[in-house]
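Everything below concerns the one structure shown next.
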Amino acid sequence: MGRSHQMKTNSNGHYDALSPWADVDPVSLRGISPRIANLVGKKIGLFCNFKPGAKPILSVVEAKLKEKYPSIQTSNFVFLHNICIDDSEEKANFDQWIKEVDTVINAVGD
Amino acid sequence: MYDAIAEEKRNKPAVVLVNESFAMDAESAASNQGMPGIRIIPQSVPCECSVPEEIEVGISAAMDDIVAGLTRPLTKEEKSPKPKEVEKTPKIIFRGGLEEVNQFYYKRGWTDGLPIIPPTEESVTEMLTGTELPADHIVGKIIPRSGKATVEKIAINAVMAGALPTAMPLLIAGVEAILDPYSAFGTYGVSTGSWAPFWIVNGPLRHDLNINSGSGALSPGDIANATIGRALGLIIKNIGGIRKGIEDMGVLGNPGKYTLVIAENEEDSPWDPLQVERGFKKGDSTITLFFPQTFNQMLAYGTDARGILSTVVYNANPCQTIGGFNCFIIIPSHAKALAKKGWGKQEIKAFISENTTAPFYRLRQYLYGGRGIIGKDSSLSLALNPMDPIRLIQNPDNVMIIVAGGPGAFMASLHSAGGLPGNSYVTKKIKLPPDWDNLVEKYRDIKPTYIRY
């Protein structure tokens, strides 16, 4: 019967056990974008995700940046969905927004 | 993290602020998504913090790192990261006695903490009799690691869990459900909310596998209910690569992650079963997946329609959150009482959606005056009085009703707080191999026979 067959050991009373860990294909890696030289006069994007803790964090970040760099502008993008922006209906809005900023600070909320 | 990657792909330099305890999780996500150089800024603000002073302190300490993250020139590795060598595990990973195998697998982080059955070539071959798909057929790649869910790897994990070969078609359909974007596995599988996969089986396969839909259906003691959920949990861990405290950031965890499997009692239900509601035929066998956080049992206020429905709406949402998804398990006697008075599943769902309310003052939106709640929801804090009732389940489609359970007067709800708007769930048809009847016959008598004492 199946169960006794399943528990079969080799001649030494040992199990030759197979790996449950999956193989993966190589991931093609991509570098990150060149940084801006400094923040003076730049437009900083503040990307806020769906978690309630994200917005208050970005508000403090924004205030502190403006204190240190009075010439900067900020622009908020609030994305309340718990999915990737590229899979969402807001992708087009995001594409427009991202064109208008020089760099982005993301807050997750945790 | 995925949003920052989307920004970088559009050639915008980005940084991500995360609580310091989530730095490893964020690095793992960035690496799995092929952008290991993403600049992650750990900060000490408590998760979901609502105390302004603590946010001020945590962000003040991180400001220099934030500015540096946006302006410091890239290193060579950040510009062009070196490809990681692909790990290739030998087919036979360990040779030893029962305890030695168990200790080896446990130490590698491949178990759920309970003993496993060693997956030998013979036992896996037997498991593969449950499908006509070839062993190397790839059902899909499970995130976050994008591990290849071959039929063989599914079978290996199924053996480890103690599943019978008759579970294979269901496990393959379960993997398909995980892979379906509408299951939102990518969020629920790893989130701090500790969502556990809840598997509902419909159709003739319930009887072939002796999946319990009656007394104690969600308690231990039935090999199918116990091992199917366990096998899928091991598949998530060993193929998807979700490890506790690294990718799975569930704050408290969830005992449902050991196994949470039920069959619907279609024979004793006065209503269409779940798979018919989902567009399948009554003769189709299906598996449905959604991710609840809580399991709540309620003693019915009464056994008439009013008593049953009052119990449901007054206890439907233990988390007092707007949205989410709710599954109600109605016992057959209650289902019949409701049907007798003309209540169908759709009418009940509409009733629940209309009447499951909480006074505004109980919601977090009230307590924090809308801070952190953006967009539409902020109107809640501006326009309403503390005692105003707020509908917690605004869409009847976010309610599922199944019939199961034994004699008695309890009912249950499984609630998924928050999560995706219009919380989604998926149903997959289970495909059976041609010699299915013989296989079922072979394993049919494997069920407990309790002696009287």
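From the square roots a ≥ b ≥ c of the eigenvalues of the alpha-carbon gyration tensor of the protein assembly as shown, which class results: rounded (a/c under 1.5), prolate (a/b over b/c), or oblate? Note, shape of the protein assembly as shown comes out oblate.
This ranking places A:His14, B:His334, B:His207, B:His415 by how few other beta-carbon atoms lie within 10 Å of each, fewest first, which gives B:His207, A:His14, B:His415, B:His334. For chain A, the square roots a ≥ b ≥ c of the C-alpha gyration tensor eigenvalues yield an a/c of 1.5 or more together with a/b exceeding b/c, which makes the shape prolate. Counting only residues at least eight positions apart within a chain, or on another chain, the lysines with an alpha carbon under 23 Å from that of B:Lys341 are B:Lys349. Per residue of peptide B:158-171, the mean number of Cβ atoms on other chains within 10 Å of the residue Cβ is 1. When each of the peptides B:158-164, B:91-97 is scored by the mean number of other C-beta atoms lying within 10 Å of its residues, the order from highest to lowest reads B:158-164, B:91-97.
Taking the Cα centre of the protein assembly as shown as the origin, how large is its charge dipole in debye, to the nearest 20, when only Lys and Arg (+1) and Asp and Glu (-1) carry charge on their Cβ atoms?
Values: 58 positive and 61 negative charges, 74 e Å.
Computed about the Cα centre, the dipole is about 360 debye.
Does the range B:2-79 come out rounded, prolate or oblate, given a ≥ b ≥ c as the square roots of the eigenvalues of its C-alpha gyration tensor, rounded meaning a/c under 1.5 and, failing that, prolate meaning a/b above b/c? Since a/c reaches 1.5 and a/b is larger than b/c, the shape of the range B:2-79 is classed as prolate. Legend: Rg and Dmax of the range B:12-143, from Cα coordinates, 22.4, 62 Å. Take every Cα pair under 8 Å whose residues are at least 6 apart in sequence, average their separation, divide by the length of chain B, and the relative contact order is 16 percent.
Please average, across the residues of B:71-83, the number of beta carbons from any other chain that are within 10 Å of each residue's own beta carbon, and give a whole number.
Numbers: counts 7, 1, 3, 5, 2, 1, 1, 5, 4, 3, 5, 1, 4.
Average per residue, whole number: 3.
Of the peptides B:74-85, B:335-346, B:11-22, how do they stack up when ordered by the mean number of other Cβ atoms within 10 Å, highest first? Could the numbers behind the result be given before it?
Values: B:74-85: 12.4, B:335-346: 16.7, B:11-22: 20.6.
Packing proxy ranking, top to bottom: B:11-22, B:335-346, B:74-85.
For chain A, the longest stretch holding no GluC sites (Glu not before Pro) located in a DSSP loop with at most 13 other Cβ atoms within 10 Å is which?
No qualifying site falls inside A:1-88, the longest such stretch.
DSSP beta bridges fully contained in the range B:294-416 are about 75 percent antiparallel. Partner shielding of A:85-98 amounts to 2, given as the average count of beta-carbon atoms from other chains within 10 Å of each residue beta-carbon. Separation of the range B:127-150 and the range B:338-360, taken as the distance between their Cα centroids, equals 41 angstrom.
The aspartates and glutamates whose alpha-carbon is closer than 17 Å to the alpha-carbon of B:Lys281, local same-chain residues fewer than 8 away aside, are B:Glu264, B:Glu266, B:Glu267, B:Asp272. Mind grabbing the base-10 log of I(q)/I(0) for chain B at q = 0.07, 0.12 Å⁻¹? Debye formula, identical points on the C-alpha positions, no solvent, two decimal places. Log10 of I(q)/I(0), two decimals: -0.42, -1.13.
From the cross-link list B:Lys153/B:Lys282; A:Lys42/B:Lys12; A:Lys51/B:Lys237; A:Lys55/B:Lys257, which pairs have alpha carbons spaced over 21 Å apart? Flagged as over cut-off: B:Lys153/B:Lys282; A:Lys51/B:Lys237; A:Lys55/B:Lys257.
Restricting to DSSP H runs of at least four residues, report the calculated mean residue ellipticity at 222 nm for chain B, -39500 (n - 2.57) per run over all residues, nearest 500 deg cm²/dmol.
Details: 18 runs with 159 residues, N = 453.
It lands at -10000 deg cm²/dmol.
Taking a straight line from the alpha carbon of B:Lys88, these aspartates and glutamates sit under 13 Å away, with near neighbours fewer than eight places off in the same chain left out: A:Asp23, A:Asp25.
Any read-out appearing in this document is the output of simple, stated calculations on the displayed coordinates, not a laboratory observation. Quantities reported herein were computed from a predicted structural model and do not represent experimental measurements. All Cβ positions, even for glycine, are placed from backbone atoms using ideal geometry, and neighbour counts span all protein chains on display.
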